[in-house]
Structures are given as structure tokens and as C-alpha cells.
1. What residue, among those in the range 286-311 that are of a type in the set (Asp, Glu) and either under 17 Å from Leu244 (Cα atoms) or within 16 Å of the ligand (Cβ to nearest atom) (or both), is surrounded by the most Cβ atoms within 10 Å (Cβ to Cβ)?
2. For Glu249, state whether it is over 23 Å from Cys96 (Cα atoms) and either of a type in the set (D, E, K, R) or within 25 Å of the chain's Cα centre (by Cα) (or both).
3. Taking Ala332, is it crowded, with 23+ Cβ neighbours inside 10 Å, over 30 Å from Arg406 (Cα atoms) and not assigned by TED's automatic domain parsing to the domain that holds Trp423?
4. For the range 62-78, check the following and say yes or no: at least one residue is assigned by TED's automatic domain parsing to the domain that holds Ile282, crowded, with 21+ Cβ neighbours inside 10 Å and within 14 Å of the ligand (Cβ to nearest atom).
5. In this structure, is Ser274 hydroxyl-bearing (Ser, Thr, Tyr), away from the ligand (no atom under 16 Å from the Cβ) and within 21 Å of the chain's Cα centre (by Cα)?
6. Can you name the number of the only condition in (1) within 30 Å of Gln228 (Cα to Cα); (2) touching a Ser or Thr at 6+ places or on another chain (Cβ under 7 Å) that Arg81 fails?
7. Which fully enclosed strands (runs of 3 or more DSSP E) of the range 391-475 have 2 or more residues being touching a His at 6+ places or on another chain (Cβ under 6 Å) and buried (at least 22 other Cβ atoms within 10 Å of the Cβ)?
8. List the helices (runs of 4 or more DSSP H) that sit entirely inside the range 87-197 and contain at least 2 residues that are polar (S, T, N, Q), crowded, with 24+ Cβ neighbours inside 10 Å and within 15 Å of the ligand (Cβ to nearest atom).
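The values are calculated or read from the model by the stated rules, or taken from the named source; none is laboratory data. As the structure is a prediction and not an experimental result, all values here were calculated from the model. All Cβ positions, glycine included, derive from the backbone under ideal geometry; neighbour counts span all protein chains shown.
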Amino acid sequence: MRRLVLGCLVLCLVQVGLLQADVPVEAPPDTRPEGPAGPPGGAAGNRPNFIIIYADDLGWMDTGFQGSRYYETPNLDRLARAGMVFRSAYANSPVCAPSRASLLSGEYPPRHGVYTVGSAERGPAHLRRWVPVPNATELKRSVITIPEALKSAGYVSASIGKWHLGDDPGAGPRAQGFDLNAGGNHNGHLGSYFSPYGIVELQDGPVGEYLTDRLTNEAIKFITANAQRPFFLYLSHYAVHTPLQAKRELIDKYKAKAGSQGQDEPVYAAMIESLDQGVGAILDTLDRLGLASSTVVFFLSDNGGVADVTSMGPLRGAKGSFYEGGLRVPMAVRWPGKTPAGSVTDTPVSGVDLFPTILQMAHVRVRPGQVLDGDSLVSLLQGKDDLRGRAIYWHFPGYMDPDAGRRGPFGATPCSVVRVGDWKLIEKFEDDTIEMYDLGRDPGEKTNLAASNADKAKELSTLLLDWRASIGAVLPTVRNPRYNPEAPVVMVGGKYEGE
Ligand SMILES: [Ca+2]
């Protein structure tokens, strides 16, 4: 009765506009005893805890469970063995900020408008045919995020680490529903991985403290403090983004180890090992607190690895590219009691799938009017492959930097991309070309089948056209007045003129 009256009161206040829109309009059924803290022992069966461990710029082949023989990730491999490995997991963008915006909002970039990092006017100005569509650098406050959705079910949430979507109080983690922000602001990377860090949102540790270790410790503090209530932890490591900086003893270890499969950078390997040690410490904490069986752990990266630092082989491309090496990321999920240990799937999934997955696992309904672009992975995680035939989309109406090796003037130009089953089609608007690949036979995207299988290309192009219309994805339509493809490319201080 008490709950019914409270529910009516909340509903009435929402109707008269006295409460903000993020008050739950319709609470999901809750079988727990009444009270804010839930039953002793933390999360109940219908309110599991959630941890997303988000690596930055970690390439598709950069973990042991993905097949690296140089990098050592025993703890990530332990996590992967206990759950499901997603062999075809995708970031929603080949760069940091839009992937994060999509992961947290469940929206594809055309909805939230974060298409790239900073400016979409990258590369030589006179080689850009179009004026790019303006890029948002912050996630709008009106966007509903995972922590905001979970708040209605009594979850406490923390963002620990990189944010890259604006500053608190207006556009940081706390503005987007997180109760705690440790280390997150508009910056996509930092000057030093060793304290003093110079991060306003994270008090410096002892001189020489390593940031990845520190963020792990902050995460453990949060888990420990909230062991008795459902929690959502978004642990967004700055690692393994540049600058390449790691602990001396780990660097020495990898200096003494032979490289393999194009992977041989010892500092980067040491950064990965510190990240992996942190994952191990968190899994151990869950064990120690008796929370392992009630906590779902997601691990994934925000985009592909950096060219000339690591190798995504056999995939083509790297961070900043809409070829597989820029988009496909390592991903594993441990859902105790639900996902059989040792599961592996090749079914394509992407960052926007996490939001609906978490909602379903937590028995929280989508709010009226909220659109989520992904699909819940709950069935897939339980061995029922119901997503094999669906399409995954990308849209980018701007220009990306060339990759780290400066192969070509741009990492990407205006394009839309769709993947369905094994097929992937890329529409490039700069020169109105189409590429189509059969990823099942050709994961390296070497053979363009758009001409030889025109019926399939037409089918996928129509899908893209319909999707762009349905989501309101805009193409660049204004010609760049500086466009002059015959003019020489001029570099100034290591960058292109006009970049
Ligand atoms: Ca990144």
C-alpha cells in the first residue's frame, strides 16, 4: 500500500512538472523486501551488479583470449573463459568519444551527434570535397544514460577513469546520472600516467603512482563500499591510449620477450599487463566479497588499436578507420549462472547493445519515448543466437585524421557502413563509391565484391538508405569552397595545413 501511494505521488509530481524527467515514470516490478538497501548480501537475483571495464584503443588482437602471443592477459583470459567471447564485437565508431557516447546512451551517433573527437575537419583542407556536418563534443544532458535508467531501480553508479564527453557539473559523469566521478572530464588522454596526473577530478596520489593501478583501487573502493546494494561501475581506463608510459619492471619483461604477429612494442605490452592486473584485482575483490555470482562483468575496448603501435592482423585498418581494424574490438562477458563457461560467438554485436542488455538483466523497462538502437544480448549470452541476421550500422559525415603511419591523407572520409551476417558494405560519399566484403571469407577486406555481386550490394545499400532516413542521419551537402584536389599537400609542424 505504501508503495502504491508513493508511486501515485511520484506520478502526480511528474505530471505537474515538479520532478525532473529522470524520475522513473513507471517502476518495474520489484520482488525484494521493501527498503532502500535490498536484502543482505548486495544485489538480488533480479538486480545484479554491473561492471563495464572499458579499455581505450585496445586492438582486436591485443589480448590472450583473442590470440595474442606477445601481450600477456591471464586475468582477462580468466574472465573470458568463465563467460562468452564475442569474436565480432564492434565499437560504434573508430575513435573514442562517439563510441563512449553510444555505449552510455544506447544511441547510434546520428542521434546524439557525437561523430568524432573535437573537429570533423581533419586532414588536408583542400582535399575535403564537403564541409562536414557539425560535431558535438558533449553528450546532451537530455540523453538518458545507463546510470540514469538504473537509478530508478535503486542502483548506485560510479564513473571511474576517462569520460571524454564534457566536464562536470554540466556535461560530465555526474551530469549524466553517475553518483561518483573519479577522474573523468573532457580530455581524451592525459599528459602523464604517473602521479601527479593533473586531473582535477582525481586527487593526485604519491609521486610515481601509476594511473591504471590507481583507477583499479578506486574501483575496488567503490565495490567494497557498495557491496550491500546493487551497483553499476563504469571503469573506463585511460589505458592503453597514448602516451605510451608503463612501469619499468614490466617494460623490462617485454623487452626481453620476442615479438609475434606484428606485436612487439614493450611499453604498450606493459600497459596492457597493468590493465590486466587491475582486472584480476577486481575479479578477486568480487570473490572476496561474495559478489562474483551476482555481478555481470563486461569487458571491451572503445575502438581499434593504433597503427604502428600494435597489429590488428589479419584485419585491415586501425583506429580512425571504418575497416575492421578500426571498429572490431575484443569483448568478453561473464554472467554467472546464465552464460555457460567457455562460450564463443561470431554473431556481430556492438556497443549500443549493452544498454538494452543491462536493462533486461536488471528487469528495468525502457522509458516511454526512449529509443535504443541496439538489441539485448540476453538470449545470445544464454546460447540462443537470435541476432545473427540483424544489421549493424555506422554513419560518419566528417573527416578523420590519417592513421599514425600517415598512410593517406585521411583515416576516414564521409561514409555509411552496414554489416549483416558476413556481409559488410561501405558507402563513401567523397567519391560516391561502394565497397562490399564477405567477412566470412575475407576478414581482411581485400576483395571488393560490390560489382560482382550487385544484387547483394543493392540490397545492403537500400538497408543503409532506409536506416539513414529512419534515424535522421544527415549527409554533408555543402561543397567545400577550398576544395582543390590538384593543389600540393603541405605539411606544417607534422600536421596538414588547415588541419
Ligand atoms: Ca579510444
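1. Restricting to residues being of a type in the set (Asp, Glu) and either under 17 Å from Leu244 (Cα atoms) or within 16 Å of the ligand (Cβ to nearest atom) (or both), the top hit is Asp302.
2. yes
3. Criteria met by Ala332.
4. yes
5. Values: hydroxyl-bearing (Ser, Thr, Tyr): yes; away from the ligand (no atom under 16 Å from the Cβ): yes; within 21 Å of the chain's Cα centre (by Cα): yes.
Answer is yes for this residue.
6. Of the numbered conditions (1) within 30 Å of Gln228 (Cα to Cα); (2) touching a Ser or Thr at 6+ places or on another chain (Cβ under 7 Å), the odd one out for Arg81 is (2).
7. Result: empty, no element qualifies.
8. Working: elements: 96-105, 109-112, 146-151.
Those helices (runs of 4 or more DSSP H) span 96-105.
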